[in-house]
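Laboratory data are not the source of any read-out in this text; all were calculated from the coordinates shown. Since this is a predicted model, take the numbers as computed values, not measurements. As a convention, Cβ positions derive from the backbone with ideal geometry for all residues, glycine included, and neighbour counts pool all protein chains shown.
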Amino acid sequence: MNNETRLIAGGMVMLSIATSLLVVWPYLTVRRVAAPAALQPFNETALRGRQVYIANGCVYCHSQQPRARALGPDAARGWGRASVAADYAYDRPHLLGTMRTGPDLFNIGARQPSADWHLGHLYQPRAYVPGSVMPSYRFLFQLKDELAPGDVEVALPPGQAPTGRHVVASRDAQDLVAYLRSMDHTYPVADAVPAATTR
Ligand code: HEC
């Protein structure tokens with residue numbers, strides 16, 4: 001065999017080992033994991049909100065994968081128990097995320113159930129958390145001089161709304177908040193992860 005043939009053959013062998021370990025094996029391990037009984041599928045509003053979450057790049061700053069106690073202080077931060085594969089049964093595509101510029105949001109619905117807080121925080125994060133680097137999503141809101149029937153007005157902290165005008169949440173903003181409030185994976189699960197890594 002000449003050198004080129006060996007190089008290519010070696011490359012193919014390495015590639016097939018990597019594919020088996022990183023793609024095939026994980027797929028076989030989790031493909032039949034059923035949703036936990038306590039996990040509700042997303043309703044229509046939350047599903048639309050999930051699209052708004054994707055479209056606005058929230059995943060670039062927020063993870064959805066609290067880690068085990070042995071692997072970091074996530075539980076101590078109040079982000080919840082370590083997630084297991086079954087928690088993601090209805091997540092297509094999953095939004096695990098890789099960056100944590102902001103807190104993990106896998107249990108944000110349990111940690112912060114207030115719709116008013118979420119709407120106001122999306123409109124102006126710095127009205128709630130001084131110095132926050134989260135962008136304000138003002139384009140998800142309208143400024144109105146007068147409210148129309150059915151308008152959802154955002155209750156901002158004093159001094160944060162433009163004087164004399166009403167901040168009204170768009171449908172996208174309301175859907176996004178419904179999605180955030182549905183993020184509650186605090187139910188107990190039978191551990192799929194060895195005890196040593198979950199404690
Ligand atoms: C540039 C990074 C960045 C992006 C993009 C971003 N966030 Fe944040 N987010 C943060 C940071 C930093 C914090 C912590 C400070 C704060 O609460 O404002 C935060 C906080 C939050 C919180 C409160 C979490 C808690 O535990 O109190 C929620 C909810 C949230 N973000 C939702 C979103 C949503 C929804 C989007 C997309 C529309 C988004 N964020 C986009 C950085 C980001």
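Using Cβ counts within 10 Å as a stand-in for footprinting exposure, how do Asp172, Asp151 rank, fewest first?
Asp151, Asp172
Ranked highest first by the average count of other Cβ atoms within 10 Å around their residues, in what order do 117-130, 38-51, 21-34 fall?
Order by mean packing, descending: 117-130, 38-51, 21-34.
Can you list the DSSP H helices in the chain whose Cα atoms extend at least 30 Å along the helix axis and whose mean Kyte-Doolittle hydropathy is -1.0 or higher?
Taking the DSSP H segments of the chain (at least 30 Å long, mean hydropathy at least -1.0), we get none.
What relative contact order, as a whole-number percentage, does the chain give when Cα pairs under 8 Å and 6 or more residues apart are counted?
Computed value for the chain: 27 percent relative contact order.
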